[in-house]
Amino acid sequence: MRFPFLSDSPQLTDDEKKQYQLLVYVADVGEAEFVMTDDALQTSLLTLTRLLYKHYGQKAILLIDEYDVPLDKAQQAGYYDEMIDLIRKMFGRALKSNGNIFLAVLTGCLRIAKESIFTGLNNLNVLTIDDVRFEEHFGFLDREVREMLDYYGFADKYEWTKEWYDGYRFGNAEVYCPWDVINYVDQLRAEPDAWPRAYWINTSGNDIIRQFIRTAGQKTKREIEKLVCGEAVEKKINPELTYRELYQSADNIWSVLYMTGYLTRQGKVDGEKRQLVIPNREIRKIFVDQILEWFAEEAVRDAPRLDAFCSALAKGDATEVERRLGEYLEMTVSVRDAGARKGKKENFYHGILLGLLSHNEAWDIYSNVESGDGYSDILVEDEAEELGIVIEVKYPDGGDLEAGCMEALAQIEGKRYEKRLVQDGMRTILKYGIACWKKKCRVQAVRG
């Protein structure tokens, strides 16, 4: 529909003009003669390039972006075979022996060579993310990001920008995600003190991460822990997967995570093996958020256990709360990375507790709200029982859980976090200091 002039082009015959109209016409009910036929659809790209060549007297350039996305959607929705047939015929006719095009460029995450979509095409140059050709053109180089930040007066935001959006490796070049950098700078222009955000999350459903975590066995969960901790895992990469094969094994999903940018390469290419790492803080956030979402879904399946946890919390039974929380920590993927700030580690366990507490629908739960002389981690109000609970979470350096609990309780007392609960009419106040380190926890409680 971007080429309406083809309908009146003096270079085209009446029949050729009708061929163009068939591609863009939206038929009303009953106008069967205008309905798109299978053959017209399959030859649509070939037809369009031929008509453009005849109109301009110049060969067209054909650009097909994300050519494998229709296959991914078709696999999820149950019409994979039909889509394979359509794509094979449409691309085959447009790319094979088509004298109307000067060149064609296709981009996608998977090569899908096994699907024989490009049957008979022997003149394709395939460039993967490991190829050094065009390496720096897939993102912004460090000097380009510095120049951009300097230009707009945000040089002081360089470290934040690097921590959140750098780390991708194409060939031998390390680049920033351009979409993130542009959006962050744009945000800074409106809000100079804006904290970096995970802009890429909004462009993706993150279904791959979700599926990966939900199907992970114990070995894979330990490897996910290493990744979240900033460590590398060595994996064999298969660049020629089909969408049928993606979720047949965790080994295949590693390849997809690498080729879609959720993981990147550390060091040089070693045959089929790669040292894989999470590239930056934005992608780490995606992993952590999906881990917490998976944990919440798993925990809610065991209502009796959740009831017992909430009951122990309401009774002030610190020993039982500690035992129950420890069981849940054994279920999930721990956060023990040296690279993350202490507050970010505490936020992970904070998220787990919120997921558990939300099971009790009679409770009003507040997270990071102002109370007393600061912002408490978690406040719980049970109006029927006039019960208020204050929870402060710590991730103690060196794993000293006892010291972590004492620090948490001292902070509750020192900043008077119970003040809001008292103002809301809660007569019984329970204060919990909870310290977590890897998959271990310690819980201490005081009344009043």
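The values are calculated or read from the model by the stated rules, or taken from the named source; none is laboratory data. All values derive from a computational prediction rather than experimental measurement. Here the Cβ is made from the backbone with ideal geometry for all residues, glycine too, and neighbour counts use every protein chain on show. Accessible surface is based on the protein model in full, side chains and every heavy atom, while ligands, DNA and RNA are left aside. Shrake-Rupley method; radii C 1.70, N 1.55, O 1.52, S 1.80 Å.
Here are some notes:
- Against the criterion of solvent-accessible heavy-atom surface with a 1.4 angstrom probe, 142, 307, 14 sort, most first, into 14, 307, 142.
- Only protein heavy atoms count here; on that basis, with a 1.4 Å probe, residue 148 has an accessible area of about 40 Å².
- Scanning the chain for GluC sites (Glu not before Pro) in DSSP loops with at most 11 neighbouring Cβ atoms within 10 Å leaves 67-271 as the longest stretch between them.
- Residue 400 - accessible surface, heavy atoms, 1.4 Å probe, Å² rounded to 10: 80 Å²
- Of all DSSP beta bridges in the chain, antiparallel share, percent nearest 5: 70 percent
- If you take the alpha carbon atoms of region 135-265 and fit the smallest convex hull around them, that volume is 124 Å³ per residue.
- Rounded to the nearest 500, the helix-only mean residue ellipticity at 222 nm of the chain stands at -13500 deg cm²/dmol, with each DSSP H run of n ≥ 4 adding -39,500 (n - 2.57).
- Cα coordinate range in region 219-296, projected on the principal axes (Å, largest first): 36, 30, 22
- FRET efficiency for residue 38 and residue 298, using Cβ-Cβ distance with R0 set to 56 Å, rounded to 0.05: 0.80
- Helix 14-24 axis, angle to the chain major axis (alpha carbon atoms, nearest 10°): 10 degrees
- With every protein chain in place, region 360-401: carbon and sulfur % of accessible area (1.4 Å): 34 percent
- Accessible area (Å², 1.4 Å probe, nearest 10) - residue 367: 50 Å²
- Ranked by solvent-accessible area (1.4 Å probe, protein heavy atoms only, all chains present), the residues 160, 195, 363, 179 order from largest to smallest as 179, 195, 160, 363.
- In this Cβ point-charge picture (+1 for Lys and Arg, -1 for Asp and Glu), the chain has a dipole of about 1280 debye about its Cα centre.
- The convex hull drawn around the Cα atoms of the chain, when projected onto a plane and averaged over every direction, covers 29.0 nm².
- In this structure the amide hydrogen of residue 140, modeled in the peptide plane, comes within under 5 Å of the amide hydrogens of 176, none closer than 5 places in sequence on its chain.
- Accessible surface, 1.4 Å probe, highest first, among residues 288, 126: 126, 288
- Among the lysines of region 182-329, pairs that are 8 or more positions apart or on different chains and have alpha carbons within less than 21 Å of each other number 16.
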